[in-house]
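See below for the structure under consideration.
Nothing in this text is a laboratory measurement; each read-out follows from the coordinates by a stated rule. Bear in mind the structure is a predicted one, so any value in this text is a computation, not a measurement. We place every Cβ from the backbone using ideal geometry, glycine too, and count neighbours over all the protein chains shown.
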2 protein chains.
Amino acid sequence: MPVGNEEDLTAQITKIKDRIPASEEITLLADFFSVLGDGTRVKIVSALRHGELCVSHLAEVVGLSDSAVSHQLRLMRYNNVVKSRREGKYIYYSLADEHVIDIYDVVKAHINEDNA
Amino acid sequence: MPVGNEEDLTAQITKIKDRIPASEEITLLADFFSVLGDGTRVKIVSALRHGELCVSHLAEVVGLSDSAVSHQLRLMRYNNVVKSRREGKYIYYSLADEHVIDIYDVVKAHINEDNA
DNA sequence: TAATCAATTGAATACTTGCTCAAATGTATG
DNA sequence: CATACATTTGAGCAAGTATTCAATTGATTA
């Protein structure tokens with residue numbers, strides 16, 4: 001490790017360690033990012049970006065079985081990324097709130113900049 | 001599927017399908033989110049949130065072996081989340097750019113709101 | 001109420017991922 | 001130049017994950 005004032009160094013590291021969020025918050029953060037860390041789920045978010053869709057339409061849009069999409073939606077619902085409402089036989093899914101849209105848009109802008 | 005004007009429906013779905021980014025972009029998006037979708041890597045981002053650190057210090061801060069941290073840093077570097085500079089024996093890592101900080105902060109705010 | 005369609009669920013499986021350990025590579029310094 | 005320290009690398013393993021398939025639940029309608 002870098003040498004220097006030994007006491008300061010240990011103190012600094014402790015300070016940084018203390019600034020790291022508690023493990024429950026770390027888990028929440030990682031879980032949220034994880035939910036969007038999959039191509040299928042990114043597609044679902046993108047498909048819902050401009051309005052709600054029922055499961056079978058979502059499945060058609062993302063090119064997977066209803067079942068596969070339903071499994072993913074369950075995870076996304078559990079993690080507050082999407083919400084649903086039933087209308088008769090159909091269950092319409094939409095993005096949970098504006099944050100999701102904001103985050104999606106910011107990251108999209110970010111990766112497109114990186115390519116430049 | 002919901003019945004209605006059949007032609008409009010198919011047309012609408014096609015339109016939504018067309019708005020979904022190309023698969024390369026989907027992959028970039030999912031990969032970026034994936035990088036932050038892990039507790040260890042969230043801790044690393046959080047530790048670097050206020051300045052650079054060398055590998056061994058990072059390891060101490062996040063409570064893992066140098067090797068484990070180095071493996072994660074490789075992935076994070078590859079995905080433009082962190083950057084590094086060598087200074088003698090040491091390699092100092094820092095967040096790649098302001099976007100990473102912004103995204104981290106926005107998501108942190110989001111999950112803390114959800115708990116309310 | 002029987003038949004039908006939408007959505008969910010659970011088990012199985014192939015695939016991915018994070019960590020550890022041991023060995024290798026860089027870099028400095030005695 | 002040999003030793004020590006920082007970091008990286010690769011193989012291996014245990015745990016997690018995404019999809020499929022078959023069966024089930026929920027809701028409409030003929």
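Couple of notes before you dig in:
- Each copy carries A:Thr40; placing its label point 7 Å along the C-beta direction from Cα gives inter-copy distances of 2.6 nm, listed from smallest up.
- 3J(HN,Hα) along the range A:80-86, derived from phi through the Karplus expression 6.51 cos²θ - 1.76 cosθ + 1.60 where θ = phi - 60°, amounts to 6, 9, 10, 10, 9, 9, 8 Hz, with x in place of Gly and Pro.
- In the assembly of identical copies, B:Thr10 has its label point, taken 7 Å from Cα in the direction of the beta carbon, separated from the corresponding points by 7.5 nm (ascending, one decimal).
- When you filter the trypsin sites (Lys or Arg not before Pro) in the range B:1-108 for DSSP loop state and at most 13 other Cβ atoms inside 10 Å of their Cβ, you are left with B:Lys89.
- The alpha-carbon of B:Lys15 sits under 15 angstrom from the alpha-carbons of these aspartates and glutamates, leaving out residues fewer than 8 places away in its chain: A:Glu52, A:Glu60, B:Glu6, B:Glu7.
- With the simple spin-label model, which puts each label point 7 Å out from Cα in the Cβ direction, the A:Ser65 to B:His50 separation comes to 5.1 nm.
- Cross-link pairs beyond the 28 Å C-alpha cut-off, checked among A:Lys17/A:Lys108; A:Lys17/B:Lys83; A:Lys83/B:Lys83; A:Lys89/B:Lys108; A:Lys17/A:Lys83: A:Lys17/A:Lys108; A:Lys83/B:Lys83; A:Lys89/B:Lys108; A:Lys17/A:Lys83
- Between this copy and the others, label points of A:Glu24 are 4.5 nm apart in ascending order, each placed 7 angstrom from Cα in the Cβ direction.
- Around B:Tyr92: net Lys/Arg minus Asp/Glu count, Cβ-Cβ under 12 Å: +2
- Counting only alpha carbon atoms, the long axis of helix A:6-19 and the longest principal axis of chain A meet at about 20°.
- Computed label-point distance, nm, for sites A:Ala11 and A:Ala109 using a 7 Å Cα→Cβ extension: 4.0 nm
- In order through the range B:43-53: 3J(HN,Hα) via Karplus (6.51 cos²θ - 1.76 cosθ + 1.60), integer Hz, x for Gly, Pro: 4, 4, 4, 4, 5, 8, 3, 10, x, 7, 8
- Summarised as an ellipsoid, chain A has semi-axes of 40, 17, 12 Å, derived from the eigenvalues of the Cα gyration tensor scaled by 5 and square-rooted, with the largest first.
- Residues whose amide H falls under 5 Å from that of A:Cys54, counting only those 5 or more places apart or on a different chain, are A:Tyr93, with hydrogens built in the peptide plane.
- What sits nearest the axis between copies B and A, counting only chain B Cβ atoms, is the residue and whole-Å distance B:Gly37, 2.
- Principal-axis tilt of helix B:23-36 within chain B, Cα atoms, nearest 10 degrees: 40 degrees
- Angle in degrees between helix A:66-78 and the longest Cα principal axis of chain A, rounded to the nearest 10: 40 degrees
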